[in-house]
1. Over the stretch 69-212, give the accessible area per residue in Å² for a 1.4 Å probe, as an integer.
2. Compute log10 of I(q)/I(0) for the stretch 10-100 with the Debye formula, placing one identical point scatterer on every Cα and leaving out solvent, at q = 0.16, 0.20, 0.21 Å⁻¹, to two decimals.
3. Give the separation of the Cα centroids, the stretch 20-80 to the stretch 111-183, in Å.
4. Between 0 and 90 degrees, rounded to the nearest ten: what's the tilt of helix 278-287 against the longest Cα principal axis of the chain?
5. What order do you get for 175-187, 221-233, 457-469 when each peptide is scored by the mean count of other beta carbon atoms within 10 Å, highest first?
6. Taking the alpha carbon gyration tensor of the stretch 215-431, what are the square roots of 5 times its eigenvalues, largest first, to the nearest whole Å?
7. Hey, could you pull the Cα Rg and Dmax for the chain, both in Å?
8. For the Cα atoms of the chain, what angle does the longest principal axis make with the long axis of helix 42-64, in degrees from 0 to 90, nearest 10?
Amino acid sequence: MDLNEITAAVRQHPDIDDALVTTAISPHSGEEELLVYAVPSGSAQRWGRLVETATACLVEGMAEQREALRTWRDFWDALDEISVLVMARTLAQLGAFRTPEQPVSVDSLMQRCAVAPDHEPLFRQWMHVLADNKILRSGPGPDEYACSDTLSATELDEQVEKRMAALVVDGVERVFTDYFVSSAAQQVDLLRGEASPLPLLFPDGDPTLAETFYARNPISVVLNGVLAETVAKAVELGPTDRPVRILEIGAGTGATSTTVLSRLPAERTRYCFTDVSQYFTDHAKQRFAEHTFVDYAVLDLNNHPGDQGFAPESFDVIIAANVIHTARRIDHALERLRPLLTPSGLLVAIERTANTPVQMVTVGFLEGFSYYEDQRKESNLPLLSPAGWVTTLQEGGFHRIATLPQGAAATTELAEHVILAERSADDPPVARRVKLHSDLAMLLPDPNASFHILPVEQIPRRPDGLVDERSLPSPWDEA
Ligand SMILES: C[S@@+](CC[C@H](N)C(=O)[O-])C[C@H]1O[C@@H](n2cnc3c(N)ncnc32)[C@H](O)[C@@H]1O
């Protein structure tokens, strides 16, 4: 194995500025192992600091909100159970499943219950949830369901009322409960397309309910804080010869914008607040009037930004809080967003990453939760998992991607993630966007050989230019 050749190859890696590859005998295995000393490139260091900032803020935020998060989690779990009963009650009210053991296809059920064709994906989600909860049985045909016991609207109604009465709620839980109750009461009309879900979320056109929900539920408090700190760090590390340009898409009620704007230096930032609806940009113009570095525009994720007045490479950071999933095709939306970023530009998103019964009887009726035409058609679920986001972003041309939180426990607790993704400096083709570790493994004569990557600030050199190997750290020092 020619170490000089490997060193030269490692130095070519876009994430590495300088490198030295050497070998040493492991005190553990007694075998010769490969040591890769690598000086991360400027952009790799910046990425490391952004992820570090986001992680530290998340840990701190979750600790601060521990009690509120637990209350919220319990509240949501209880509402999930009630939502399943609400679905069953609605079917009973629509006259479905009156005969036990009689399989019926989803198509004929939709016809019989006069379900609006636009709500077919949602209706199918309901069927799955009801079967998962043993209220219905799926089969024998692939698209068929039956019940073991007749669904009784009166009994189910009593169960829903009893469970709702047992909920002890206050603050933001109270606000969401009111929304939940008014949505639950309208399920038949919503499902038939005879009522719109928007006035439920914006009663009399008032955004207070939605804003309270997006700003004050403890998960949003934590994740908006993480997003804001990460963006502030990106501004700190960003260009100093001009303002850092930030685009927020689907900014809506401004719940996330408020947290972000309060952390940004006015003299170093230009912020573009956008939404598909002018209702929100008009509202934001008044609300954020004191922030003179903010512009307002309408931007639709489903259309080309160029046709909407947005030039390529005109932003250093794009913020997207709970909006990318509303795109008809996430892959197309990402392909449109990425070129808006400068090379090494950063996308910071928040996305719910679990599909819940509560969603299916509330916001699930909104257009953005059901008109997907991309890979989600296969699962028939509007929200991607963290792994789904990583794959989609990789395929969408982003080269460094992180989803936070990472541990399984925190993931379950929040059911929502902050997603960081960087446009690469040279937009390399997908095949080259692989992780450093696997890249290096491929350079070795034996790809399964054990090796260590040791990040160092510089490769120490003596006055004669030769590497001073004795000054390099050993991977076994700490052990
Ligand atoms: C769930 S809300 C996001 C909440 C928002 N971040 C906030 O703090 O209020 C989704 C937002 O995306 C916007 N939206 C929906 N479809 C969109 C599209 N095609 N392009 C851009 N924004 C869209 C909606 O108008 C709404 O404001």
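The values are calculated or read from the model by the stated rules, or taken from the named source; none is laboratory data. Given the structure is predicted, the values throughout are model-derived calculations rather than measurements. Cβ: placed from backbone, ideal geometry, glycine included. Neighbour counts: every protein chain shown. With ligands, DNA and RNA removed, areas are computed over all heavy atoms of the protein, side chains included. Shrake-Rupley method; radii C 1.70, N 1.55, O 1.52, S 1.80 Å.
1. Numbers: 7040 Å² over 144 residues.
For the stretch 69-212, the per-residue accessible area is 49 Å².
2. -0.87, -0.99, -1.02
3. 39
4. 70
5. 221-233, 175-187, 457-469
6. Numbers: eigenvalues 122, 81, 65 Å².
Each semi-axis is √(5λ); the values are 25, 20, 18 Å.
7. In order Rg, Dmax, the Cα atoms of the chain give 26.3, 90 Å.
8. On a 0 to 90 degree scale, this one is about 40.
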